[in-house]
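Only one structure is covered here, and it is reproduced in the block below.
Just so it is clear, none of the values below were taken in a lab; they were calculated from the coordinates. Predicted, not measured: the structure shown is a model, and the values here were computed from it. Virtual Cβ from ideal backbone geometry, glycine too; neighbours counted across all protein chains shown.
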Amino acid sequence: MRHRSGVPVPVPQPAVPADALTPTVNDPADAEREAGVARLFELHYTPMLRLAVLLGADDPENVVAEAYYQIYRRWRRLRDTAAAEAYLRSTVCNLTRMRIRHLQTARKHAVRSPDEMVASAESTALLRDDQRVLIDTLRQLPTRQREALVLRHWLGLKESEIAAAMGISSGSVKTHTARGIAALTQAMEARK
């Protein structure tokens with residue numbers, strides 16, 4: 001660049017080199033995290049979505065997306081990346097529980113019309129009568145009992161895995177499972 005007088009004027013240089021301003025995408029830790037979370041997504045997205053649905057989430061896609069975001073953020077802090085599935089499952093359970101609690105509080109204060117309280121005819125007709133009773137009873141169970149039953153009988157987890165996912169002891173898992181089964185059995189026998 002030249003001044004009007006023809007004398008060259010030095011161009012100010014940035015204090016930081018231009019290549020330092022661009023984010024590093026070749027960081028091995030970031031690449032490992034991206035690959036790990038992508039692998040988890042491919043293998044476990046659908047089961048985690050079903051888990052959120054069975055636990056009663058009204059927005060299961062958002063719950064699962066939030067769970068994947070949480071594991072993505074904490075990937076470097078995972079002590080054992082092989083335990084990522086268990087961490088993901090636990091996160092889905094916790095997020096679902098938090099959302100249900102929030103919705104229960106919000107619904108207590110909301111005014112609902114009678115139309116909103118009735119299930120659609122299509123969804124009612126699709127389920128056989130005994131399935132409907134079972135699902136209605138499952139929905140009415142306390143949260144911990146419902147979680148224990150879904151994790152045990154839908155996912156087929158062991159007591160220790162259920163305890164880790166729910167953040168409770170194995171003894172509590174046994175108690176919640178037994179009470180939930182008793183309530184479901186009682187509801188089904190009452191139909192006969």
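Overview of results
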item: Sequence of His44, His102 once ranked by neighbouring C-beta atoms within 10 Å, starting from the fewest; result: His102, His44
item: Per-residue ³J(HN,Hα) for region 171-187, Karplus 6.51 cos²θ - 1.76 cosθ + 1.60, θ = phi - 60°, Hz, x for Gly and Pro; result: x, 5, 4, 4, 5, 5, 5, 4, 5, x, 4, 4, 5, 5, 4, 4, 5
item: For peptides 27-38, 151-162, sequence by mean Cβ density within 10 Å, most packed first; result: 151-162, 27-38
